[in-house]
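Novice: Let me begin by handing over the structure; questions about it come next.
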Amino acid sequence: MFSKNDYVIYGSMSVCKILDIVEEENIYIGRKSYYVIQPVYSDKNTIIKVPTDNKKVVMRHLLSEKEVLSIIKSIPNLDVLKIENDRQRSEHFKSVIKNNECEELAQVVKSITLIEQEKLSIGKKISKTDEDFKKTAEKLIDEEFATVLNIPVQDVPSFILNNIPQ
């Protein structure tokens, strides 16, 4: 259960703040409780009502600072995903984005970055799909890490680079 003023991860919307918890009467389902949430980093005019018993979209507490630092330190040891089939790779990346777990997102970023470096070395570019997955994964990581570490979003990539063990 979450409380008013908690920051949470809500699906691929990233970091949201719980503005309120309300109960409403619905003629079809009776009385139901909802979290009233607002995205922190995107359109500030967006307000979403999420049933407190929601099972469809991942909603979780933010990581702790200790967990964020642990993920950063684990980046060199993350396995590189080698999924040759474009459709299978796309489905896997889509699932990772939907689940919004930072360690898996970091693995996607690392894997696509290595693919990108390989392709650039032979004068090619990564696919638009892989590029979009990488940008989305980076955005989700950056927003959660920025909130947890209390730093600006644009400072997260350099923070990560400065804290990865060499």
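Novice: Name the pairs whose Cβ atoms lie under 6 Å apart, with the first residue in the range 4-28 and closer than 15 Å to Leu63 by Cβ and touching a residue at least 60 places away in the same chain (Cβ under 8 Å), the second buried (at least 19 other Cβ atoms within 10 Å of the Cβ) and polar (S, T, N, Q), and 6 or more positions between them or separate chains?
Specialist: Tyr7/Thr147; Ile9/Asn100; Val15/Thr147
Novice: Considering (1) over 30 Å from Asn5 (Cβ atoms); (2) among the hydroxyl-bearing types (Ser, Thr, Tyr); (3) surrounded by 20 or more Cβ atoms within 10 Å (Cβ to Cβ), say which one Ser127 fails and leave the rest.
Specialist: (3) is the only condition that Ser127 fails.
Novice: Which is under 25 Å from Asn163 (Cβ atoms) and either assigned to a strand (DSSP E or B) or not acidic (Asp, Glu) (or both), of Ser90, Ser42, Ser33, Ser74?
Specialist: Ser74
Novice: Search the range 112-124 for residues being part of a helix (DSSP H, G or I) and either in contact with a helix residue (DSSP H, G or I) (Cβ under 9 Å, 6 or more places away or on another chain) or not assigned by TED's automatic domain parsing to the domain that holds Asn77 (or both), and hand back the single one that is surrounded by the fewest Cβ atoms within 10 Å (Cβ to Cβ).
Specialist: Top of the filtered list is Thr113.
Novice: Then there's this: If Val80 satisfies every condition in (1) at pLDDT below 95; (2) not assigned by TED's automatic domain parsing to the domain that holds Glu138 but one, which is the exception?
Specialist: (2)
Novice: Among the listed residues Val148, Val96, Val109, Val156, which satisfies the condition of being touching a Phe, Trp or Tyr at 6+ places or on another chain (Cβ under 6 Å), crowded, with 18+ Cβ neighbours inside 10 Å and in a helix (DSSP H, G or I)?
Specialist: The unique qualifying residue is Val156.
Novice: Would you check if there is a residue in the range 115-125 being on the phi > 0 side of the Ramachandran plot and without any contact (Cβ under 8 Å) to a residue 12 or more places away in the chain?
Specialist: Among the residues of the range 115-125, at least one is on the phi > 0 side of the Ramachandran plot and without any contact (Cβ under 8 Å) to a residue 12 or more places away in the chain, which makes the answer yes.
Novice: Among the residues of the range 1-25 satisfying the criterion of being among the hydrophobic types (A, V, I, L, M, F, W, C) and surrounded by fewer than 14 Cβ atoms within 10 Å (Cβ to Cβ), which is nearest to Gln38 (Cα to Cα)?
Specialist: For the range 1-25, the residue satisfying everything is Val22.
Novice: Counting just the residues of the range 130-143 that are surrounded by 14 or more Cβ atoms within 10 Å (Cβ to Cβ) and of a type in the set (Lys, Arg), which one comes out nearest to the chain's Cα centre (by Cα)?
Specialist: Lys139
Novice: Restricting to the range 43-59, count the residues that are surrounded by 13 or more Cβ atoms within 10 Å (Cβ to Cβ) and under 21 Å from Ala146 (Cα atoms).
Specialist: Residues that pass the stated criteria total 2.
The values are calculated or read from the model by the stated rules, or taken from the named source; none is laboratory data. Small disclaimer: the values here were computed from a predicted structure and weren't measured. Heads up, the Cβs are rebuilt from the backbone with ideal geometry, glycines too, and the neighbour counts pull from every protein chain shown.
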